[in-house]
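The values are calculated or read from the model by the stated rules, or taken from the named source; none is laboratory data. These figures come from a predicted structure and were not determined experimentally. No Cβ is skipped: glycine too gets one built from the backbone with ideal geometry, and neighbour counts run over all protein chains shown. Ligands, DNA and RNA are stripped out before the accessible areas are found, and what is left, the full protein with its side chains, is counted by its heavy atoms. Shrake-Rupley method; radii C 1.70, N 1.55, O 1.52, S 1.80 Å.
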Amino acid sequence: MLKVLEIYKKSKFLRFGFLFVSCFLVIRSIQSLINKNKNKKKDNDKLNNDEPIDDIINKESIESSSSSSLNNSIDSSLDNSIDENNNKEKKNIDWFKLPSDIKVHVLSNQEECDLVLNEYYQSLLKKIENSKVKVDGADVLANTTESSLSSNDALLFPNCTKENNEGLDFIIGFDAEWSNQNQYQECEGYPHKVALIQLSSKTDVYLIQISQMPTIPQSLEQILVDPRLIKVGVAISQDAATIFSSFSIVTKGCVDLVPIGRLTNYQGNGLASLALNVLNANIDKNNLIRCSHWENKNLTSEQVMYAAIDAWIGREIFETMYYTYKSSKIDPNEPDLVFTLCRPFINTQFKVKVKSKSTNGASTSENGPRVKDSSIFRRMVPDNRVLYDNCLMYSPEDVLLCSISKKKVQWYVSRGLADIVSGDSEQIKIKLRFKPNGEGHSGDFYYLAHKENHCVVCGSTYKILRHSVVPHCYRQYLPEEIKSHSSHDVLLLCCDCHATMEKRSHIMRMMIAKQYGVPLENDHKVYITNSPLVKASKAALVLKKQIEGKNGKGQIPDSKLQEMKKEILDYLNKEEYTTEDLDSLVSTNPKQRNDQYVPHEKKVMEKVLELGEKGIFDFVRTWRKNFIETAQPKHLNPHWSIDKEILNDYKPKDQKVKQIKL
Ligand SMILES: [Zn+2]
């Protein structure tokens, strides 16, 4: 008996032991889950900073063992016991250190910052100016006209020369830091106010403590908005969006290193993994520094090092990728390769595919037009198309009036309004039989110029389509008279360049939302669902099938049927219902378009139109400027201008021709 009791006690002990062990395991797994969530939360801040989670946990535990400030001692002791060996390995890692000859400028005073950055910016502007002058002193741009110089030139990439290190001098390492727990909770969608902005050249790193300054220094703004200066970093579109939310400044020329890495065969979705794979450098992505108070006036030396390395190494990574790209080229001496490499990625939103939902549930992409993949266009658009016929129309006095399509030639000739004067396959020319009202596009170089049937961005003649500089979702609300005379703002692009442009609209939409005071999020839903109707409609379907004997063998309980009947009668507000009632309930769509819903684009355009012609011009000009800055077209007609007037007094269509004919 005693023995039995003993065994029982033992077994009880064993059971306790077992319980204890399982409790321990459960706690352990919960803790690791919490840890993962913590990291995920941080990852949401930096969308594609997706280093392996285990890696981050390990680094966290290294920190926790060395820091007494962490209060989750259970967590750290657990992690330590398990990751001890791992830690030893980690401790032996030779962490990357910033080379001693790199100058780090920590700037917390606005005036000082402005001075230092202005010097940097002026040196870059000088290099841009110099790039335009050929070795023999002849101006590279001497052939282009004055008008194109005035508007487009300040937005287009400079030439890459030896003096500017093949253009690498125009590459700026870029990063921004902000803290999780701070007082800035005001900006929609992006609750963090930027505390620090880091810029880095090959030799100098600028740490701009923006949280210590009343406003953004002018020279910093100039650098950020200058599209000729390429800013490189990881998850850079997130940084740009946060800077926009905080300061209403659109950072131009942003290029994410991850897609550049994919193009040049380097793996890695975060800065740490890229640094390792590209430069064989281990950078310490220590969470304690990463999440520390960046808005503090006095940054610790660890913070300064961390921030400086982030910006500097991003630029170094780019440089190595560039040389890899260059060596892969058949002609490595092809001009402007730095920009050829960057062009497709400028200001495009790039996200590493993660199965995560937006934290506030309202993903911004849902509110915008769906971005199509270029493969969709590739399927839709025929291979080789001629979209410009370049037929010329002359007045009876032999004044060149405009360039028109073959279709229009046919229209004039078949009505006896014009004669074909030269019909060779190269170029059709017609002469009007009547004196037209006005001068047409005479004197307008853009409209008269021969237009190539190729992509104005990359020059491809394959699968080209008409691309509207003002996206269709806004353009559709423009007055007909402007739309029908805006061939200047409809350019030929290949499928790929067109799809890339779509990826760039997000920050423009954010800017427009702010500028016109029309949020992207809508107060009203597109559709209203009539819930009682949904219920009644479902019930009606079941009852209809019941009558027709289509409900199968499974009998629906009487009580349930009565309940359904009641739902239908309640909805119809009747004593009895007919089979017609059921039919009508089944066929009625419970989802109705909401009259209250006005799309963001329509609201914006209402405001734009209220401002009259000037308002429309400003709106169109914003999109033209965005096109030049982000697409950096290499084959655009030099007469195309962001300042081109939006209304042309020449109306070659019906009304004027009719007047003359009569
Ligand atoms: Zn193209």
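The set of residues in region 78-99 being open to solvent by 50 Å² or more (accessible area, probe 1.4 Å) and either modelled with pLDDT of 95 or more or assigned to a helix (DSSP H, G or I) (or both) consists of Ser81, Ile82, Glu84, Asn85, Asn86, Lys88, Glu89, Lys91.
Any chance region 487-497 includes a residue that's out of contact with any Ser or Thr (no Cβ under 9 Å at 6 or more places or on another chain), farther than 30 Å from Asp389 by Cα and away from the ligand (no atom under 16 Å from the Cβ)? Scanning region 487-497, I find no residue that is out of contact with any Ser or Thr (no Cβ under 9 Å at 6 or more places or on another chain), farther than 30 Å from Asp389 by Cα and away from the ligand (no atom under 16 Å from the Cβ), so the answer is no.
Output yes when any residue across region 186-203 is open to solvent by 30 Å² or more (accessible area, probe 1.4 Å) and either at pLDDT 90 or above or closer than 30 Å to Glu645 by Cβ (or both), and no when none is.
Residues of region 186-203 that are open to solvent by 30 Å² or more (accessible area, probe 1.4 Å), as a first pass: 186, 188-191, 193, 202-203.
Among the residues that remain, those that are also either at pLDDT 90 or above or closer than 30 Å to Glu645 by Cβ (or both) are: 202-203.
Within region 186-203, one or more residues are open to solvent by 30 Å² or more (accessible area, probe 1.4 Å) and either at pLDDT 90 or above or closer than 30 Å to Glu645 by Cβ (or both).
On the given criteria, is Ile547 touching a strand residue (DSSP E or B) at 6+ places or on another chain (Cβ under 7 Å), among the hydrophobic types (A, V, I, L, M, F, W, C) and open to solvent by 70 Å² or more (accessible area, probe 1.4 Å)? Reasoning before the result, please.
Working: touching a strand residue (DSSP E or B) at 6+ places or on another chain (Cβ under 7 Å): no; among the hydrophobic types (A, V, I, L, M, F, W, C): yes; open to solvent by 70 Å² or more (accessible area, probe 1.4 Å): yes.
Here the answer is no, as Ile547 does not meet what is asked.
Residue-wise test of (1) farther than 19 Å from Asp383 by Cα; (2) within 16 Å of the ligand (Cβ to nearest atom); (3) among the hydroxyl-bearing types (Ser, Thr, Tyr).
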{"residue": "Gly459", "(1), (2), (3)": "no, yes, no"}
{"residue": "Val469", "(1), (2), (3)": "yes, yes, no"}
{"residue": "Gln476", "(1), (2), (3)": "yes, no, no"}
{"residue": "Pro479", "(1), (2), (3)": "yes, no, no"}
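Can we say Pro599 is touching a residue at least 60 places away in the same chain (Cβ under 8 Å), open to solvent by less than 50 Å² (accessible area, probe 1.4 Å) and more than 23 Å from Ser531 (Cβ to Cβ)?
Details: touching a residue at least 60 places away in the same chain (Cβ under 8 Å): yes; open to solvent by less than 50 Å² (accessible area, probe 1.4 Å): yes; more than 23 Å from Ser531 (Cβ to Cβ): yes.
Criteria met by Pro599.
All of (1) of a type in the set (Ser, Thr, Tyr); (2) exposed (fewer than 12 other Cβ atoms within 10 Å of the Cβ); (3) closer than 30 Å to Val604 by Cβ hold for Ser531 with one exception: (3).
Across region 400-428, the qualifying residues are those that are over 23 Å from Ile464 (Cα atoms), modelled with pLDDT of 80 or more and assigned to a loop (DSSP other than H, G, I, E, B), and the one among them that is most open to solvent (accessible area, probe 1.4 Å) is Arg415.
So that you can scan it fast, the table gives a plain yes or no per residue for (1) touching a residue at least 24 places away in the same chain (Cβ under 8 Å); (2) among the hydroxyl-bearing types (Ser, Thr, Tyr); (3) over 25 Å from Ile646 (Cα atoms):
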residue	(1), (2), (3)
Ala449	yes, no, no
Arg466	yes, no, no
Tyr477	yes, yes, no
Glu480	no, no, no
Lys483	no, no, no
Val518	yes, no, no
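Taking region 100-131 as the range and being open to solvent by less than 60 Å² (accessible area, probe 1.4 Å), more than 14 Å from Gln222 (Cα to Cα) and out of contact with any Pro (no Cβ under 7 Å at 6 or more places or on another chain) as the test, the residues that pass are Ile102, Val104, His105, Leu107, Ser108. In region 338-394, the residue that is nearest to Ser460 (Cα to Cα) out of those that are in contact with a Leu (Cβ under 7 Å, 6 or more places away or on another chain) and either β-branched (Val, Ile, Thr) or at pLDDT 85 or above (or both) is Val381. When the residues of region 622-643 are filtered to those that are surrounded by 17 or more Cβ atoms within 10 Å (Cβ to Cβ) and among the basic types (Lys, Arg), which remaining residue is farthest from Asn152 (Cα to Cα)? The qualifying residue farthest from Asn152 (Cα to Cα) is Arg624. Is it the case that Thr500 is open to solvent by 30 Å² or more (accessible area, probe 1.4 Å) and of a type in the set (Val, Ile, Thr)? No; evaluated as a whole, the condition is false for this residue. Using the structure shown, decide if Leu585 is more than 28 Å from Asn347 (Cα to Cα) and of a type outside the set (S, T, N, Q). Spelling it out, Leu585 is indeed more than 28 Å from Asn347 (Cα to Cα) and of a type outside the set (S, T, N, Q). Residue selection: Lys431 fails the criterion of being closer than 30 Å to Thr348 by Cβ, out of contact with any His (no Cβ under 9 Å at 6 or more places or on another chain), open to solvent by 20 Å² or more (accessible area, probe 1.4 Å) and away from the ligand (no atom under 16 Å from the Cβ).
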